[in-house]
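This report refers to the structure that appears directly beneath it.
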Amino acid sequence: MSEANLQTPVKPIKIIAAACNNNGIGLKGHLPWDLPKEFKYLLASITTVKQPGKKNLIVWGRQSFESFDEKLLPLENTIIVLLSRALREVPKFAHYICRNEEEVVTLVSAPPLSDEIETIWVLGGVECYINMIRHPWCNHIYFTKIMADFECDIFFPDFDKDVFKLKEEYPGVPSGIQEEKGVKYIFQVYEKDQQKQSQ
């Protein structure tokens with residue numbers, strides 16, 4: 001192992017999303033549903049750190065970021081990276097712009113972020129999900145399965161469920177079917193099977 005690898009530990013990449021029956025995640029740039037408790041769970045997940053003084057890196061596509069409620073920003077314990085090939089200036093509440101996912105990994109692999117970041121959370125969009133799921137640092141997909149039909153024009157990508165295995169229970173994740181405003185949903189965590197990944 002090189003000296004650089006010793007200095008730069010792997011940062012866990014975690015995908016987080018909510019999708020309805022047809023795997024839809026958005027309509028016209030916004031969530032198709034209004035589920036405050038589910039949304040609160042998402043915010044708690046991405047803003048929680050285990051080590052004092054650490055922060056999480058939030059990776060957001062520009063359109064997904066722009067559709068987020070600005071009144072909820074800034075997010076505590078987070079540093080926000082936007083993925084965009086067009087932006088030249090960092091928007092309010094964001095901290096960095098990267099052109100692609102590899103630039104994100106390079107950014108977090110060097111000081112100061114290599115010392116500061118605990119977990120990388122990916123909040124979309126679709127292309128970012130696809131690329132980050134394939135990254136060797138990605139071991140978990142936090143997925144809210146919304147057990148209802150909604151009109152959507154954006155969909156969560158398919159992923160290999162032989163590589164990412166659904167866990168029956170997962171620490172810190174509520175178990176069983178939840179219900180809010182007449183809509184049922186369940187919090188799920190898929191964990192990478194390292195043996196399958198290496199085949």
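The values are calculated or read from the model by the stated rules, or taken from the named source; none is laboratory data. Given the structure is predicted, the values throughout are model-derived calculations rather than measurements. Glycine also receives a Cβ, built like all others from the backbone with ideal geometry; neighbour counts cover every protein chain displayed.
Any chance you could count how many residues in region 82-108 are in a helix (DSSP H, G or I) and exposed (fewer than 15 other Cβ atoms within 10 Å of the Cβ)? Lay out the reasoning, then the answer.
The first filter runs over region 82-108 and keeps only residues in a helix (DSSP H, G or I), leaving 101-108.
From what is left, the residues that are exposed (fewer than 15 other Cβ atoms within 10 Å of the Cβ) are 102-103, 106.
Residues meeting the conditions: 3.
Answer yes or no: is there a residue in region 170-179 that is crowded, with 17+ Cβ neighbours inside 10 Å and either acidic (Asp, Glu) or over 25 Å from residue 65 (Cβ atoms) (or both). Before the answer, list the steps.
Here is the first cut: in region 170-179, the ones crowded, with 17+ Cβ neighbours inside 10 Å are 178.
So of that shortlist, the ones also either acidic (Asp, Glu) or over 25 Å from residue 65 (Cβ atoms) (or both) come out as 178.
Looking through region 170-179, at least one residue is crowded, with 17+ Cβ neighbours inside 10 Å and either acidic (Asp, Glu) or over 25 Å from residue 65 (Cβ atoms) (or both).
Can you name every residue in region 112-136 that is assigned to a loop (DSSP other than H, G, I, E, B), over 9 Å from the mean Cα position of the chain (by Cα) and surrounded by 14 or more Cβ atoms within 10 Å (Cβ to Cβ)?
Going through region 112-136, the residues assigned to a loop (DSSP other than H, G, I, E, B) turn out to be 112, 123-125, 135-136.
Checking the rest, the ones that are also over 9 Å from the mean Cα position of the chain (by Cα) come to 112, 125, 135-136.
Once the filter is applied, which keeps residues that are assigned to a loop (DSSP other than H, G, I, E, B), over 9 Å from the mean Cα position of the chain (by Cα) and surrounded by 14 or more Cβ atoms within 10 Å (Cβ to Cβ), region 112-136 yields 125, 135.
What residue, of 73, 57, 43, is among the hydrophobic types (A, V, I, L, M, F, W, C) and under 21 Å from residue 133 (Cβ atoms)? Spell out how you get there, then give the answer.
Numbers: 73 fails: under 21 Å from residue 133 (Cβ atoms); 43 fails: under 21 Å from residue 133 (Cβ atoms).
One residue alone meets the criteria, 57.
Here is a yes/no grid of residues against (1) among the basic types (Lys, Arg); (2) in a loop (DSSP other than H, G, I, E, B); (3) in contact (Cβ under 8 Å) with a residue 40 or more places away in the chain:
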site: 80; (1), (2), (3): no, no, no
site: 110; (1), (2), (3): no, yes, yes
site: 145; (1), (2), (3): yes, no, yes
site: 171; (1), (2), (3): no, yes, no
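Across region 182-199, which residue is surrounded by the most Cβ atoms within 10 Å (Cβ to Cβ) among those that are under 17 Å from residue 21 (Cα atoms) and either small (Gly, Ala, Ser) or over 20 Å from the mean Cα position of the chain (by Cα) (or both)?
It comes out as 183.
Examine region 27-41 for a residue that is part of a loop (DSSP other than H, G, I, E, B), among the aliphatic types (A, V, I, L, M) and within 23 Å of residue 127 (Cβ to Cβ), and state whether such a residue exists. Outline the logic, then answer.
Pass one, region 27-41, residues part of a loop (DSSP other than H, G, I, E, B): 28-29, 31-35.
Filter once more, keeping what is among the aliphatic types (A, V, I, L, M): 31, 35.
Filter once more, keeping what is within 23 Å of residue 127 (Cβ to Cβ): 31.
Yes: region 27-41 contains one or more residues that are part of a loop (DSSP other than H, G, I, E, B), among the aliphatic types (A, V, I, L, M) and within 23 Å of residue 127 (Cβ to Cβ).
Given the conditions (1) closer than 23 Å to residue 156 by Cα; (2) at pLDDT below 95, report the number of the one that residue 80 does not fulfil.
All conditions pass for residue 80, except number (2).
Output the number of residues of region 13-47 satisfying the condition of being touching a residue at least 40 places away in the same chain (Cβ under 8 Å) and under 14 Å from the mean Cα position of the chain (by Cα). Spell out the reasoning first.
Keep residues of region 13-47 that are touching a residue at least 40 places away in the same chain (Cβ under 8 Å), which gives 13-28, 32-38, 41-42, 45-46.
Those still in the list that are under 14 Å from the mean Cα position of the chain (by Cα) too: 13-19, 25, 41-42, 45-46.
Within region 13-47, residues that are touching a residue at least 40 places away in the same chain (Cβ under 8 Å) and under 14 Å from the mean Cα position of the chain (by Cα) number 12.
Restricting to region 73-104, give me the number of residues that are among the hydroxyl-bearing types (Ser, Thr, Tyr) and over 21 Å from residue 119 (Cβ atoms). Quick ask: steps written out before the conclusion?
Going through region 73-104, the residues among the hydroxyl-bearing types (Ser, Thr, Tyr) turn out to be 78, 84, 96.
Add one more test, that the residue is over 21 Å from residue 119 (Cβ atoms), and what stays is 84.
Adding up the residues that qualify gives 1.
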